[in-house]
Amino acid sequence: MAKSDWTCSLSAICEWESPDYEPSLPVSEKSNPLTRDIDRASANSIVKMLQACDAQMFQEETGSTYHKLLSDQVVTTLMEVAKRVELVLKDPEDSLVILSGCGTSGRLAFLITSGFNRALRQLNQSPVYSYIIAGGDRALLSSQEAPEDDPKLGMLSLKKVCEGKKRVLFIGISCGLSAPFVAGQLDFCLQHPEVYTPVLVGFNPAHQARDEPLPGCTFTFLSVVQRMQELAKSHQAFLINPAVGPEAISGSSRMKGGSATKILLEVVLSAAHAAAFSHTPVACNGILLHLRAYEKTLDLTYAQSEIITDLVEAAGESLRCGRRVCYLGWGSLALLGLIDASECNPTFGADFEDVRGFVSGGYRELNNKEGPLTALGPEFCIAHEDFLHQVLPRLTDKDTVLLIYTHSDDVGKVVDLARRVREKTANLHAVYHQTDEDTSAALQQDEISRLCLSTLKIAWLQGASVSASLLHMQWELSTKLVLNAVSTGAHVLKGKIYQNHMIDVQVTNSKLYRRATRLLQKLSGRPESQCEEALLKTIYGANKLTLDMTTSDVITHTCTAVTRTKFSGSKSFRPMCPRDVLDVPMATTQINGQPNGPIAA
Ligand code: S6P
């Protein structure tokens, strides 16, 4: 990066912390000054911007209003929560640790609980972790944004999972401190302190929690947080809410929000396991070392930014010409592929076939509560066999395929699949993690590299200080960063982002409804009431709004929005383009001058 660019980005790194920067928005909804021009950037610059945004997760506290990931206050709370988990691990009878969330937060709850239950089984201990995702298991693989708005559903699903339990540590994840589903669960915990200890994970300061009334409830997310703050003084509730800076794509909490969730909860659960099973008491130093290991993960991953750029370019080209990107993965890395792919619909208005993930072993490997979901439709066919039957026959060089694996997977199987894909497309790439000492699969790896157009190989040091489980968690984070970059970068190149805002979004819950109204305001400069009116006209497909429409609540609006499809009649939804709803020319010089082309027809 040229020196002048650095100077510019260094000020941009901290700009969002100024009290004058988008003051009405919580951190999780602010637009990141680093990515203001991401829509006009080359693949190479996109990757650099994502790297700079991710690095903000580990920015030191500057004495500003924001606590950061490495702040004393955050580390202390992580230790306290780890000790609570340790108690459950030592006396698991009638106890549970529950991780719950909506969208990406629920998917990460699943990923993390699966990994730590597996670790318990390996130690011949019974599993104590359970996950809840709004909308049930289908939400692990597809966009289900509406259940997020239902506090009662959250409460009922928590009650159901905890039937008969005497002690529950409940960890609610809501990156924006905003999901009513999670607020309902936390409220329930606060009403039953004899059983439940609530923990909230999110990435806004407490006062920025959402204060919108919830239908049928006397509480808001903010009021729940305030009650928790009171109880936190006596360690009866815990708040883990460092600021990690605005997302690269405004509000896209699947990115840093998801990564930071994974980091924080793995740090907590790992410390608890070490204390319960390896005589290593929970200590500040251990927590900090683990956090720093994740910081190194970012460095090691982005050290490969040239190859990540190649992947973004290849995937972007596929999407631009209406073709697809496939992730073929093994083990938990494959799950990160499924998660990344599932997020492309709510973020970019993508069709499920645009970016699709497949896992070796299918639902057997996934081991989700509700079992195989294939009956729900092709979107839920996730095994490599499904790929071979449904996708492979139609693959061409215009499709991009990524193999995602580590040296501890069955590399022979990776070679077999690579050969079969190579017969149909040369556009094959590998994302591969290996320890520096391991050479066992060297020959097979050479063969894969020969078959692939590019190989992103990350070699990790496995010294005495790095356990196998830490290494695996680092591989997962690294894979998440690479896949987030590929899918985000590719959709940016396709023209699905305006400045750094999502513009092809279906307004399927109240958070998205509010965000859409704000975006219209920002881009048109018109008053809020006029923008909301324009949005409603689009939702109801009406030139004139009836009294019924204007007096309905937001949930009714979003339920109607769910039924709307794109006017083009294409498989996916119509871009929520401000030009369509306001009928005013947007900053057209910027849009039309882009290499990415116009944002909406
Ligand atoms: C965000 C993703 C969404 C969120 C969900 C929960 O990129 O598309 O599905 O994960 O809305 O958000 P939160 O703030 O409660 O974690």
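The values are calculated or read from the model by the stated rules, or taken from the named source; none is laboratory data. Quantities reported herein were computed from a predicted structural model and do not represent experimental measurements. Glycine gets a Cβ as well: all are built from the backbone with ideal geometry, and neighbour counts include every protein chain shown. Please note that ligands, DNA and RNA were not included when accessible areas were found on the heavy atoms of the full protein model with its side chains. Shrake-Rupley method; radii C 1.70, N 1.55, O 1.52, S 1.80 Å.
Each row is one residue, and each column tells you yes or no for (1) within 24 Å of Arg364 (Cα to Cα); (2) buried (at least 23 other Cβ atoms within 10 Å of the Cβ).
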position	(1), (2)
Leu388	yes, no
Leu392	yes, no
Thr400	no, yes
Ser408	yes, no
Asp436	no, no
*Note down all Cβ pairs under 8 Å where the first residue falls in segment 168-183 and is touching a residue at least 60 places away in the same chain (Cβ under 8 Å), the second is near the ligand (Cβ under 8 Å from one of its atoms) and among the basic types (Lys, Arg), and they're at least six residues apart or on different chains.*
Gly176/Lys511; Ser178/Lys511; Ala179/Lys511
*Please state which one of Asn117, Asn204, Asn124 is closer than 18 Å to Leu89 by Cα and in contact with a Pro (Cβ under 7 Å, 6 or more places away or on another chain).*
Asn117
*Which is away from the ligand (no atom under 16 Å from the Cβ) and of a type in the set (Gly, Ala, Ser), of Ser100, Ser71?*
Ser71
*Just need a number here: residues in segment 336-359 that are surrounded by fewer than 24 Cβ atoms within 10 Å (Cβ to Cβ) and under 14 Å from Leu403 (Cα atoms).*
1
*In segment 316-367, how many are over 16 Å from Gly106 (Cβ atoms) and of a type in the set (Val, Ile, Thr)?*
3
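The rows are residues; the columns are (1) under 20 Å from the mean Cα position of the chain (by Cα); (2) modelled with pLDDT under 95; (3) on the phi > 0 side of the Ramachandran plot.
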residue: Tyr302; (1), (2), (3): yes, no, no
residue: Thr309; (1), (2), (3): no, no, no
residue: Val325; (1), (2), (3): yes, no, no
residue: Asp340; (1), (2), (3): yes, no, no
residue: Gly349; (1), (2), (3): yes, yes, yes
residue: Glu353; (1), (2), (3): yes, no, no
*Scan segment 29-45 residue by residue and report those that are assigned to a helix (DSSP H, G or I), within 17 Å of Gly251 (Cα to Cα) and open to solvent by less than 20 Å² (accessible area, probe 1.4 Å).*
Pro33, Thr35, Ile38, Asp39
*Within segment 306-332, track down each residue that is within 20 Å of Asn427 (Cβ to Cβ), assigned to a helix (DSSP H, G or I) and among the hydroxyl-bearing types (Ser, Thr, Tyr).*
Thr309, Ser318
*Given the residues Ala442, Ala426, Ala383, which is the only one that is touching a Gly at 6+ places or on another chain (Cβ under 6 Å) and open to solvent by 10 Å² or more (accessible area, probe 1.4 Å)?*
Ala383
*Read through the list (1) touching a Lys or Arg at 6+ places or on another chain (Cβ under 8 Å); (2) outside any helix (DSSP H, G or I), then give the number of the only condition that Ala276 fails.*
(2)
_Given the criteria assigned to a helix (DSSP H, G or I), touching a residue at least 12 places away in the same chain (Cβ under 8 Å) and of a type in the set (A, V, I, L, M), does Val97 qualify?_
no
_Of the criteria (1) surrounded by fewer than 18 Cβ atoms within 10 Å (Cβ to Cβ); (2) within 24 Å of Gln462 (Cα to Cα), which one Glu306 fails_ = (2)
*Of all residues in segment 273-289 being under 14 Å from Thr76 (Cα atoms) and open to solvent by less than 50 Å² (accessible area, probe 1.4 Å), which is nearest to the chain's Cα centre (by Cα)?*
Ile287
*Can you confirm whether segment 445-453 contains a residue that is more than 29 Å from Ala139 (Cβ to Cβ), open to solvent by 40 Å² or more (accessible area, probe 1.4 Å) and either touching a Phe, Trp or Tyr at 6+ places or on another chain (Cβ under 7 Å) or among the basic types (Lys, Arg) (or both)?*
yes
*Do any helices (runs of 4 or more DSSP H) lying entirely in segment 134-222 carry at least 1 residues that are open to solvent by less than 10 Å² (accessible area, probe 1.4 Å) and more than 14 Å from the ligand (Cβ to nearest atom), and which ones are they?*
151-161, 180-191
*What number of residues in segment 112-133 are within 16 Å of the ligand (Cβ to nearest atom) and either out of contact with any Ser or Thr (no Cβ under 7 Å at 6 or more places or on another chain) or free of Cβ contacts under 8 Å to residues at least 12 places away in the same chain (or both)?*
2
_Options Ala248, Ala243, Ala260: the member that is within 16 Å of the ligand (Cβ to nearest atom), in contact (Cβ under 8 Å) with a residue 12 or more places away in the chain, out of contact with any Leu (no Cβ under 8 Å at 6 or more places or on another chain) and open to solvent by less than 20 Å² (accessible area, probe 1.4 Å)_ = Ala243
*Does segment 53-96 hold any residues that are open to solvent by less than 30 Å² (accessible area, probe 1.4 Å) and in contact with a Ser or Thr (Cβ under 6 Å, 6 or more places away or on another chain), and which are they?*
Val88, Leu96
